[in-house]
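Participant: Just dropping this structure here.
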Amino acid sequence: MKKEDLVHHVATVKGLRRLRDETPDPADRAEEFHEASKFHRATFGRMVHHQRLSVDPDVAAGARLGARTLSHLPQRPLDRDDFEAASRDPRFASLVRAPSCRTFTGEALPPQVLSRLLGLSYGAYPQKAATGRRRRPLPSGGALYPLEIYVVGDVDGSGNKGAYHYNVLDHALEEVQRGLPAEAVRGLGIQQDLLENAALIVIITAVFNRSRFKYGPRGYRFCLMEAGSLIQQLQLVAQALGLGSVAFAGLLDDAVEDLLRIDGVDESFVNAVLVGRTSVDAKLGEGASGAQTT
């Protein structure tokens, strides 16, 4: 780690440590909401909201539409033909996301692919901005970058899966747990075959006070906004590497917290992306056409 990066890191840690010593606000609605929205092993089976899709035709129809129209307002048409032509233009190929993939081969990814996936999604570029800090692939409120990435998978081709934290500053993986049995991976969430067959489960967590110390409750919303940006970046980079991916929010919070050894309050799970080969002949850098998605 370079000296300037270390100074910034230490200053951040000291600042957060001072915040932890402060008396927590008993009326912290953001924390209450986050806790209420978690999936837990013991209670997930009691959730019934999704059943409305099968019993309420109006809800099902609205879910399929995924948009709204303001028919009472004047309408100004845009050039649909031009838009559709642009979506097929090779210049914009990297911006046209492939369909989500739910059929993975289970094949481990080579180290170079893993390095590119993480670095181009959330790493620190070698060039430095005028501020002296290295640029990142995504914008962040106040350049605070409250998100962290963990990966679950076989990262060295040994056949053994583990859980690792992505150290952005050193561009390295830090071993959290090694030698995870298949049942431990399957037990992380729903659709367990999908979890087992993905080469990587990329888990996104948020260290909320890294944003909230400056922006207060609004900082919680920034964390969620940035998680959405990171998901899109991960999927577009995976696509450029000839891989399939799917955004996956169906992990169980308590299982993730236990695996990653995080407390679920100061740092908590917000979303995940599953990544992997969709064809045994997909090659590094093959591009969007190499992702045979469903």
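The values are calculated or read from the model by the stated rules, or taken from the named source; none is laboratory data. The structure displayed is predicted, hence computed values, not measured ones. Backbone-built Cβ (ideal geometry, glycine too); neighbour counts: all protein chains shown.
Participant: With the condition kept exactly as written, say whether any residue in the stretch 239-254 is over 24 Å from ALA30 (Cα atoms) and part of a helix (DSSP H, G or I). Explain how you work it out, then say what you get.
Facilitator: Taking the stretch 239-254 first, the residues over 24 Å from ALA30 (Cα atoms) are 239-246.
Among the residues that remain, those that are also part of a helix (DSSP H, G or I) are: 239-240.
Scanning the stretch 239-254 turns up at least one residue that is over 24 Å from ALA30 (Cα atoms) and part of a helix (DSSP H, G or I).
Participant: Still on this model: Kindly indicate which of ASP281, ASP258 is acidic (Asp, Glu), surrounded by fewer than 21 Cβ atoms within 10 Å (Cβ to Cβ) and modelled with pLDDT of 95 or more.
Facilitator: Checking each option against the conditions leaves just ASP258.
Participant: Of all residues in the stretch 34-51 being basic (Lys, Arg) and in a loop (DSSP other than H, G, I, E, B), which is nearest to VAL265 (Cα to Cα)?
Facilitator: LYS38
Participant: Moving on to the next point. Are there any pairs with C-beta distances below 9 angstrom linking a residue in the stretch 256-269 that is among the acidic types (Asp, Glu) to a residue that is in a helix (DSSP H, G or I), with the two at least 6 apart or on different chains, and if so which?
Facilitator: Qualifying pairs under 9 Å: ASP263/GLU257; ASP266/LEU16; ASP266/ARG20; ASP266/ASN209; GLU267/GLU257; GLU267/LEU260.
Participant: Sticking with this structure for a sec: Among the residues of the stretch 152-196, what is the count of those that are under 20 Å from ARG277 (Cβ atoms), among the small types (Gly, Ala, Ser), in contact (Cβ under 8 Å) with a residue 40 or more places away in the chain and not in a loop (DSSP other than H, G, I, E, B)?
Facilitator: The number of residues fulfilling the criteria is 1.
Participant: Please list, ordered by first then second residue, the pairs with beta carbon atoms under 9 Å, 6 or more apart or interchain, first in the stretch 49-66 and more than 22 Å from PHE39 (Cβ to Cβ), second part of a helix (DSSP H, G or I).
Facilitator: ALA60/ARG52; ALA60/LEU53; ALA60/SER54
Participant: Which one is nearest to LEU230 (Cα to Cα) among residues in the stretch 96-141 that are surrounded by 13 or more Cβ atoms within 10 Å (Cβ to Cβ) and modelled with pLDDT under 85?
Facilitator: The qualifying residue nearest to LEU230 (Cα to Cα) is ARG97.
Participant: Restricting the stretch 142-169 to residues that are among the charged types (D, E, K, R), more than 17 Å from the chain's Cα centre (by Cα) and modelled with pLDDT of 95 or more, which is farthest from GLY45 (Cα to Cα)? Outline the logic, then answer.
Facilitator: Within the stretch 142-169, the first condition is being among the charged types (D, E, K, R), and the residues that meet it are 148, 154, 156, 161.
Next, from what is left, pick out any that are more than 17 Å from the chain's Cα centre (by Cα): 154, 156, 161.
Of the ones still in play, those that are also modelled with pLDDT of 95 or more are 154, 161.
Values: ASP154: 30, LYS161: 27 Å.
Here the answer is ASP154.
Participant: Among PHE104, PHE33, PHE39, which is the only one that is among the aromatic types (Phe, Trp, Tyr) and farther than 21 Å from ILE190 by Cα?
Facilitator: PHE33
Residue-wise test of (1) over 29 Å from ALA42 (Cβ atoms); (2) under 16 Å from the mean Cα position of the chain (by Cα); (3) not hydrophobic (A, V, I, L, M, F, W, C).
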| site | (1), (2), (3) |
| --- | --- |
| ALA182 | no, no, no |
| LEU188 | no, yes, no |
| GLU196 | no, no, yes |
| THR205 | no, yes, yes |
| ARG218 | yes, no, yes |
| ALA227 | no, yes, no |
| VAL256 | no, yes, no |
| ALA272 | no, yes, no |
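Participant: Another question, if that's okay. If I go through the stretch 202-223 residue by residue, how many of them are of a type in the set (A, V, I, L, M) and either farther than 20 Å from LEU173 by Cα or in contact with a Lys or Arg (Cβ under 9 Å, 6 or more places away or on another chain) (or both)?
Facilitator: Count: 0.
Yes/no per residue for (1) of a type outside the set (Gly, Ala, Ser); (2) surrounded by fewer than 11 Cβ atoms within 10 Å (Cβ to Cβ); (3) touching a Gly at 6+ places or on another chain (Cβ under 9 Å); (4) over 26 Å from GLN233 (Cα atoms):
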| site | (1), (2), (3), (4) |
| --- | --- |
| SER54 | no, yes, no, yes |
| ARG64 | yes, yes, no, no |
| LEU78 | yes, yes, no, yes |
| ASP81 | yes, yes, no, yes |
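Participant: Run down SER115, SER94, SER54, SER100 and say which single residue is part of a helix (DSSP H, G or I), among the hydroxyl-bearing types (Ser, Thr, Tyr) and within 30 Å of ASN160 (Cα to Cα).
Facilitator: SER115
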